[in-house]
Amino acid sequence: MKFTKLFVILFTTIILAGCVTSPNFKLVRQIYTPIPQTSKNIDIPLYKKPHPLEGLPYNYWHYSKQKQEQLKLISPETSAAAQIFRVWITNPVGRSSQPHGIIEIVQDSNKMEGNLILMNVDFDVRKLKETIADSKRIALTPKTLSWSQITDSLIALQFHELPTDEKLPGYDLKTRGYSTNATTFSFEYATPEKYRFYQYTDIYQNQHIFTEVANVVKMLDLLESEFEWDTQAREYFR
């Protein structure tokens, strides 16, 4: 899948910032994004002991909500839209101009529309805060399939019910804590009744081991095939 591989290529050519900074977890707990009050059934993975953010959502959910607010996107946790599909692409490398992206498909009543947003993101490690430096929004039009064929295919690949990667027994321990700086894909799925969030990292390393990861790659391949993210990304991040 060209688009995500382009992101991986970009990430491997960036040199990490010189000094190492650790999060101030006491401060982070005070400013962490709260889970919105909603009548929906919410499924967001939470940190457990002995993690310093015990009881809070995984930080990639927190990052997605920071960017969601800056981009003025709807909140899938509270939206009444019939279906919302989101894929966030994050490259946690360096401290500035990290190449990020999001693809979103929203079904509201009988209407479906999609957008791709490419962005450069600055990261404050101490506060676990992402700030969008610049972004570009592109309206999407399917290349060969209908919108319903695309969403039906995503559902067939379990977009709505895959577990987050750390719940897969035996998943590569190097990725625990997301300390490898590998490209991470975060997924949001919502209906009027429920909301789910999960994430995967090092997918190309693990796709031949886990069916769930193979499904993630197939979903991303489908979206690349229909929307050709790679062309847009090459122009934006060059």
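The values are calculated or read from the model by the stated rules, or taken from the named source; none is laboratory data. Being a predicted model, the structure only gives us computed values, none of them experimental. Neighbour counts run over all protein chains shown; Cβ positions are idealised from the backbone, glycine included. All accessible areas refer to the heavy atoms of the entire protein, side chains included, with ligands and DNA or RNA removed. Shrake-Rupley method; radii C 1.70, N 1.55, O 1.52, S 1.80 Å.
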Check your understanding: Which one is least open to solvent (accessible area, probe 1.4 Å), of the residues in the range 49-77 that are of a type in the set (A, V, I, L, M, F, W, C) and in a loop (DSSP other than H, G, I, E, B)?
Key -> Leu53
Practice item. Determine the pairs where a residue that is without any contact (Cβ under 8 Å) to a residue 60 or more places away in the chain, located within the range 215-237, has a partner that is outside any helix (DSSP H, G or I) and open to solvent by 10 Å² or more (accessible area, probe 1.4 Å) with Cβ atoms under 7 Å apart, the partner being 6 or more residues away or on another chain. Key: Asn215/Leu157; Asn215/Gln158
Exercise for review: For Tyr47, work out the one condition from (1) at positive phi; (2) without any contact (Cβ under 8 Å) to a residue 60 or more places away in the chain; (3) within 19 Å of the chain's Cα centre (by Cα) it doesn't fulfil.
Suggested key: (1)
Check your understanding: Restricting attention to the range 181-208, and to residues there that are modelled with pLDDT under 95 and over 15 Å from Ile89 (Cα atoms), which single residue is surrounded by the most Cβ atoms within 10 Å (Cβ to Cβ)?
Key -> Asn206
Review point. Which of the residues that make up the range 123-134 are under 12 Å from His100 (Cβ atoms) and either aromatic (Phe, Trp, Tyr) or within 16 Å of the chain's Cα centre (by Cα) (or both)?
Key: Phe123, Glu130, Thr131, Ile132
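One line per residue, one yes/no per condition, for (1) more than 15 Å from the chain's Cα centre (by Cα); (2) small (Gly, Ala, Ser); (3) open to solvent by less than 10 Å² (accessible area, probe 1.4 Å):
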| position | (1), (2), (3) |
| --- | --- |
| Ile89 | no, no, yes |
| Pro99 | no, no, yes |
| Ser109 | yes, yes, no |
| Met112 | yes, no, no |
| Asp152 | yes, no, no |
| Ile155 | yes, no, no |
